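For reference, the structure discussed in these notes is given below.
The values are calculated or read from the model by the stated rules, or taken from the named source; none is laboratory data. Here the structure is a predicted model, which means the values were calculated and not measured. Here the Cβ is made from the backbone with ideal geometry for all residues, glycine too, and neighbour counts use every protein chain on show. Heavy atoms of the whole protein, side chains included, go into the accessibility calculation; ligands, DNA and RNA do not. Shrake-Rupley method; radii C 1.70, N 1.55, O 1.52, S 1.80 Å.
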Amino acid sequence: MQKNNIIKIENLSRIYRLRSGEQVKAVDNIDLEVPEGQFLTIVGSSGSGKTTLLNLLGGLDKPTAGKVTVDGTDLSGLKEADAVKFRREKVGFVFQAFNLIQTLTALENVEAALAPTNISQAERLERSMSLLESVGLKQRIHHLPVELSAGEQQRVAIARAFANQPKILLLDEPTGNLDTATGRDIMEICHKNSKSNGQTVVAVTHAEFVRDFTDRLIYMRDGKLRQIS
């Protein structure tokens with residue numbers, strides 16, 4: 001049975017204007033549809049436009065032209081307050097730089113993602129501990145980020161991204177600061193957890209080995225997409 005498209009991009013462009021007056025087309029008139037539950041990976045070198053595309057999908061940036069629709073919401077003209085609500089309720093982010101709060105433990109970092117929700121403190125604690133256990137950090141929940149390896153910090157970031165049970169997970173170079181073996185472990189965790197929860201994933205990366213953990217692979221170059229599989 002064919003699944004509905006949870007992401008639809010139409011004639012999407014994002015142009016940056018430099019002080020010199022020069023225009024840079026980070027995303028250049030692309031179209032893309034992503035079915036529910038698909039793990040999509042976009043591979044491209046630095047400067048290819050893939051992070052800009054991810055920011056447009058997450059409502060962190062607005063297009064110069066075209067339309068971005070995610071789970072029935074048109075992000076193109078969304079007000080900032082509505083964009084914040086959309087991200088909180090629908091999207092989980094995993095960043096290359098981890099973006100953990102350095103003064104909070106692993107457990108507290110995951111719990112912080114649940115703070116704006118209406119779930120009870122007991123449920124926040126239970127869910128956070130369960131997520132950290134699922135990424136192999138059961139014995140490290142009370143450690144600060146500085147006390148964790150890079151791979152462990154990224155695992156905390158993954159647990160945090162899954163905390164709100166988002167429909168869509170956006171991965172921005174999730175293995176960029178990791179060695180290949182650790183990077184493969186991280187991608188396997190993301191793939192396994194997203195499939196278990198029926199979540200849609202869009203990952204952008206320059207790491208070719210990520211193809212082993214994806215349903216569909218697309219290359220991006222100079223702001224344009226070239227579908228491979």
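When the stretch 86-109 is examined, which residues are found to be under 19 Å from the mean Cα position of the chain (by Cα), surrounded by fewer than 16 Cβ atoms within 10 Å (Cβ to Cβ) and modelled with pLDDT of 90 or more? Asn99, Ile101 - these are the residues of the stretch 86-109 that are under 19 Å from the mean Cα position of the chain (by Cα), surrounded by fewer than 16 Cβ atoms within 10 Å (Cβ to Cβ) and modelled with pLDDT of 90 or more.
Pairs linking a residue in the stretch 165-184 that is closer than 30 Å to Thr73 by Cβ to a residue that is at pLDDT below 90 and in a loop (DSSP other than H, G, I, E, B), with Cβ atoms under 6 Å and 6 or more positions apart or on different chains, are Asp172/Gln96; Glu173/Gln96; Thr175/Ala207; Gly176/Gln96. The residue list Ile7, Ile15, Ile30 contains one member that is touching a residue at least 24 places away in the same chain (Cβ under 8 Å), closer than 19 Å to Pro174 by Cβ and either of a type in the set (A, V, I, L, M) or assigned to a helix (DSSP H, G or I) (or both), which is Ile7.
Can you tell me which residue is farthest from Pro63 (Cα to Cα) among those in the stretch 19-29 that are open to solvent by 80 Å² or more (accessible area, probe 1.4 Å) and not acidic (Asp, Glu)? Filtering first and then ranking leaves Ser20. Evaluate the stretch 148-159: report whether one residue or more is assigned to a strand (DSSP E or B), of a type in the set (Ser, Thr, Tyr) and either buried (at least 19 other Cβ atoms within 10 Å of the Cβ) or at pLDDT 90 or above (or both). No.
When Leu100 is tested against (1) touching a residue at least 40 places away in the same chain (Cβ under 8 Å); (2) among the aliphatic types (A, V, I, L, M); (3) not in a loop (DSSP other than H, G, I, E, B), only condition (3) is not met.
Looking across the stretch 110-130 at every residue that is part of a helix (DSSP H, G or I) and of a type in the set (Ser, Thr, Tyr), the one that is least open to solvent (accessible area, probe 1.4 Å) is identified as Ser128.
Scanning the stretch 131-141 for residues that are open to solvent by 70 Å² or more (accessible area, probe 1.4 Å) and polar (S, T, N, Q) gives a single hit, Gln139.
Can you tell me which residues in the stretch 52-75 are open to solvent by less than 50 Å² (accessible area, probe 1.4 Å) and within 14 Å of Val27 (Cα to Cα)? Thr52, Leu53, Leu54, Asn55, Leu56, Leu57, Asp61, Pro63, Ala65, Gly66, Val68 - these are the residues of the stretch 52-75 that are open to solvent by less than 50 Å² (accessible area, probe 1.4 Å) and within 14 Å of Val27 (Cα to Cα).
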